[in-house]
Amino acid sequence: MSSIFLACSLTKRVPANERLLTENEILVNNKKETNEAIVKQLYQQPNSNLLGYHLRLHMYNMAKVNPDSSYQAWLDKHKNTERFLAKFLSAKQVDRLGTSFFVSGMARSLKDLGEAPVIYDEERTRKSVIRLKNHYFNQGYFNTKISYELDSIKHKKISAHYKISTGKPYVYDSIALVIQSPELDSLYKTNTRASIIKKGDQYNTAKLDEERERITSFFRNNGAYDFQKTYINFEADTLKSNYTTDLTLNIDNKNIKEGDTLRAEPFKLYKISEVNIITSNTSADIQVITDSIQYKDLNIYSKGPLSYKPKVLRNAVFIDKDGPFSDMRRLVTSRSLSNLKVFNYPTIEYIPDTRDSLGKSLIANITLNPKKRITFNPSIDLNHSNIQDFGIQGNIGFVFRNVFKGAEILDVGFRGNIGSSASRYRNEQNTFFDILEYGADVKLTFPRFLFFPNIIDKLVDRTSFPNTSLSVGFFNQQNIGLDKQNLTGIYNYSWSYKRRNTISFDLFNLQFVRNMNPGNYFKVYRSSYNSLNRIAGTTNTNPAFLDDNGNLNISEGGTDAFINDVLAGNTTIQPSDADYQSVRSISERKLRLTENNLILASNIVYTYSNRFNIKDQDFFTFRTKVESAGNVLNAIAKSNSEINENGKRTVLYVAYSQYIKGEVDFIKYFDLGNQNVLALRAFGGIAIPYGNSNNIPFSRSYFAGGSNDNRAWQSYRLGPGRSGGVNDFNEANMKLAFNAEYRFNVSGPWNMALFADAGNIWNALDNITDEDMTFNGFKSLKDLALGTGLGVRYDFSFFIIRLDLGFKTYNPANEAGEKWFKEWNLSKTVLNVGINYPF
């Protein structure tokens, strides 16, 4: 009965004597064709569907046709009600109620989100036939035959069936060349092998247009300043009867308009006779040319005193005196000057040099408008996390440009946060604002390589836009109890080449983390305390370690004293007991999370993306990172032989970390058409401790869950392995993550997504031995957790607000038989709020 209702409801808004287009079928040479490029040739497409269900059409059909008219008719029948409403509202306002949200708002929303039925149009079908014929003609099928049939058996429904017989395609038998301008003819013959049109190829107008683009680009990058694509045309002679065509490439002379007539003139190849830069000094009172200098064939003019080192400007300009005019060099120069980040988008223009009697010289004028020397960027945000229920975060940033007259950028930022922690972390005073965080960052960027420039410049040329950055930062946290101070320092080289390849190399990356209040560990990590307290209740615990309620006393050191007693054999718990192993694990985790960390690492990150622009939805991105830490500090430590109580070498009395870390991240987007996108992601990473370390610092470890990971689990609540997230903050040194998301448009800026996230974290090759937490080969892949769900997105053009609802579909921590779909209900879902897409 329901299926009949749905079938009937599809045609609810289809007028009498009209039919709903339900299907387009295309048969090409008796084979069904589903290629989107072919299907899109049809002028009429059936209503969209989601897995076969016409959601948007049903929404449209649910809306009232004329809710405001219905409202007026209702008023006409209920005059007493109308008079009653008019006593409180004016008659005009009563009438306006018909257009209000309460009366017609739902109908308008359903229509906006929905989709009107596609009514079959015979004229559009005939136009589709012509369009299909042109499509195949452009691919060399000059004798294509197309017919169509209509199936209208079902009530108020119709389907269209197109039958296409392409015939045999035409191929190029010969390719002739007619270039009227002698200089262009000579230039073309130096690059004939680059042609993408070859004898024997199938005729294809798209390829011909691509060849026109190639020739135009080649000419304009080699001196043909005034050449345009429109001067190139192809002629195809198909008089032969053997499915071949003779192709002629014609390149005409330049047309010059004189009055009402046109005359033809051969193209010339131009060279650059002068390169001029005109810039301004933003602090100068008089904006006229008052300063000029010539530097390596570059003429620099300044309105006011020159504020930039000539060498910096010369290195950013790729237009050379006495070199040929080149579009590519103009583009690279524009990108290079913009990359300095001290100028607004530059203006580059070419004017004829009247001093050249042959008329084959150009003067390049580059106008630079400086940005403000100092920019102030304040911001304030409200935030929420698994640690704090409410927080107010403020940032104050200053940007100082052209600090040393070499286009250097100095960024100075101050940040602070006050917040209220989640109830389980509240301190004993129970004050509302119990979180205080503040810090500062300073970053100095140079648009070139500092130190070893001669060596590096041989490997990286100027077109790679090299940068060097030096940054230091300090951050202080007084939040849920441990209270940390974080000091960082980074020396980084970065560059890109061939536009899509980017390399970032941290020559050194220093981080020092100091825990200010390690005695509060068990107040923060309550799961560890609860486990320890349970064990204390099963043995002969020293009463001095307990409070008045019989629980281990944290503030007076009862927890640490109990751990020492157990490990020293002063209780009934034996080393072979499971409780003994639990106490030892709790002790090791506490030591790891409360000890100070000193990390001195070097890393290199390589990124490749073939994404053309931000609107491109068919691309892939590959990113890999390799990091090594501790080797330099190890060499220093060996010379002073400082060993702490845990047997680790130290530098300045702090044990340093040693590890090697590797990551691979791959993202692929598939454009399915009609604003439908399939996005896939695969990530793998592992950090292996060695030498002075048997584990990875918390700040360099991995976690799972959250709005950009496995969305069915909260951050830090998944894993390691099948352990079930027993700790308050679960992390490990190995991670695998796989994500798939199908995104589709609902209406206007409203979009939805269906997603599946699989992944987990494990301990591997470190000091954790619990098999529930460790990666033990391929068999551990059964511990991959699977979360599925749906999301809603609203596109503001410049950013996207995202809401995702994740369901635990497969939970590896559950018992056998309880892993699949046992938590697939609303009470166990996780709501994620995010900005922009998760990957």
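Nothing in this text is a laboratory measurement; each read-out follows from the coordinates by a stated rule. Owing to the predicted nature of the structure, the values given are computational and were not obtained by experimental measurement. When we count neighbours, we look across all protein chains shown, and the Cβ atoms used for this are built from the backbone with ideal geometry, even at glycine.
Figures for the structure shown
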quantity: Gain in span if fully extended, Leu803 to Phe218, counting 0.36 nm per residue against the direct Cα distance; calculated: 205.8 nm
quantity: Matching label, Rg and Dmax of the Cα atoms in Å computed from the structure shown, candidates (i) 26.8, 91; (ii) 35.7, 111; (iii) 30.5, 112; calculated: (ii)
quantity: Order of Val566, Val39, Val460 under a 10 Å beta carbon neighbour criterion, fewest first; calculated: Val39, Val460, Val566
quantity: Least to most buried among Ser292, Ser326, Ser639, Ser582 (fewest other Cβ within 10 Å first); calculated: Ser639, Ser292, Ser582, Ser326
quantity: Nearest-20 debye value, the range 174-246 charge dipole, Cβ charges on Lys, Arg, Asp, Glu; calculated: 240
quantity: Under 18 Å from the Cα of Lys779 - lysines, other chains or at least 8 residues apart; calculated: Lys735, Lys819
quantity: Only Lys, Arg (+1) and Asp, Glu (-1) charged, at Cβ; the chain dipole about Cα centre in debye; calculated: 1880
quantity: Segments 209-221, 770-782 sorted - mean Cβ within 10 Å per residue, highest first; calculated: 209-221, 770-782
quantity: Residues Leu678, Leu184, Leu239, sorted so that the one with the fewest Cβ neighbours within 10 Å comes first; calculated: Leu239, Leu678, Leu184
quantity: Across Lys40/Lys157; Lys133/Lys198; Lys157/Lys207, pairs whose alpha-carbon gap is larger than 29 Å; calculated: Lys157/Lys207
quantity: Inter-probe distance in nm under a simple model that places probes 7 Å from Cα toward Cβ, at Ala37 and Asn299; calculated: 5.0
quantity: Helix-only [θ]222 nm of the chain, DSSP H runs n ≥ 4, -39500 (n - 2.57) each, per residue, nearest 500; calculated: -6000 deg cm²/dmol
quantity: Estimated FRET transfer efficiency (Gln581, Asn542; beta-carbon r; R0 22 Å; 0.05); calculated: 0.55
quantity: Ordering of 409-415, 297-303, 756-762 by burial proxy (mean other Cβ atoms within 10 Å per residue, highest first); calculated: 756-762, 297-303, 409-415
quantity: Charge-dipole axis of the chain as Lys and Arg at +1 and Asp and Glu at -1 on Cβ define it, positive-most pick from Gly691, Leu436, Val118; calculated: Val118
quantity: Cα-centred dipole magnitude for the range 518-594, charges only on beta-carbon of K, R (+1) and D, E (-1), debye, nearest 20; calculated: 360
quantity: Restraint check, Lys484/Lys625; Lys12/Lys154; Lys31/Lys199, Cα-Cα greater than 18 Å; calculated: Lys484/Lys625; Lys31/Lys199
quantity: Counted charge near Phe142, where neighbours are those whose Cβ lies closer than 13 Å (Asp, Glu -1; Lys, Arg +1); calculated: +3
